[in-house]
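Single-structure report; data block below.
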Ligand SMILES: Nc1ncnc2c1ncn2[C@@H]1O[C@H](COP(=O)(O)OP(=O)(O)OP(=O)(O)O)[C@@H](O)[C@H]1O
Ligand SMILES: [Mg+2]
């Protein structure tokens, strides 16, 4: 099997980090060599961009500024980590990727699809995850989980309506792309765990 690119997506507190651990365990059991990445971030420069975009600033951050920081960070990660790993036969396990921009900047910030398409064409040059697991959660539940972990960052402080728009866009995109599998993340940890394993097993079978 050629190296695959698997991404976990979802709102804050949806359970992405938890899902990453489940995937790590699954891939290890299947003797798959993989690297972990997260977005925004994953290279020293991209991690600085992550800190910048998540921090609260005195000045208003324009939606376009946020958008371009996200894609600048993604360009670093794709060029310096994701492509080299895949070319080297290593799988890549991502905590967020381009779908986050489609959902947050496209849905939440209401930036036009043509703008997003132009940027993702420049940065991704056809790179697309082989499998995306989208953890669908009620925004209020996700935010309550995220709050339990500590202070909220700049984006997490957005109004509930922002996350409702982001979720609607996630669902819309997931329903129109067979490589995106939606898991109901409102369920208990054990149920979510089972659903993730089912998706991963189906993915392995369909690639055998
Ligand atoms: N299905 C679940 N039911 C209840 N609690 C959960 C569930 N999944 C995860 N949690 C808990 O909710 C919190 C957030 O989960 P996690 O860190 O995995 O989410 P995340 O999507 O990675 O969040 P972030 O977007 O902030 O990185 C953690 O304390 C985790 O243990
Ligand atoms: Mg996380």
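The values are calculated or read from the model by the stated rules, or taken from the named source; none is laboratory data. In this text the structure is predicted, and so the values were computed from the model without any measurement. We place every Cβ from the backbone using ideal geometry, glycine too, and count neighbours over all the protein chains shown.
For the reader, a short list of remarks on this structure follows.
- Residue match in the range 126-135 (condition: out of contact with any helix residue (DSSP H, G or I) (no Cβ under 8 Å at 6 or more places or on another chain), part of a helix (DSSP H, G or I) and either exposed (fewer than 15 other Cβ atoms within 10 Å of the Cβ) or touching a residue at least 60 places away in the same chain (Cβ under 8 Å) (or both)): no
- Filter pass, residue 53 being under 15 Å from residue 131 (Cβ atoms) and modelled with pLDDT of 95 or more: no
- Subset of the range 174-184 [out of contact with any helix residue (DSSP H, G or I) (no Cβ under 6 Å at 6 or more places or on another chain) and buried (at least 16 other Cβ atoms within 10 Å of the Cβ)]: 174
Here's the yes/no breakdown for (1) within 16 Å of ligand 2 (Cβ to nearest atom); (2) closer than 26 Å to residue 69 by Cα:
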| residue | (1), (2) |
| --- | --- |
| 14 | yes, yes |
| 24 | yes, no |
| 27 | no, no |
| 32 | no, no |
| 37 | yes, yes |
| 41 | yes, yes |
| 44 | no, yes |
| 50 | yes, yes |
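- Restricting 64, 110 to those that are in a loop (DSSP other than H, G, I, E, B) and touching a residue at least 40 places away in the same chain (Cβ under 8 Å) reduces the list to 110.
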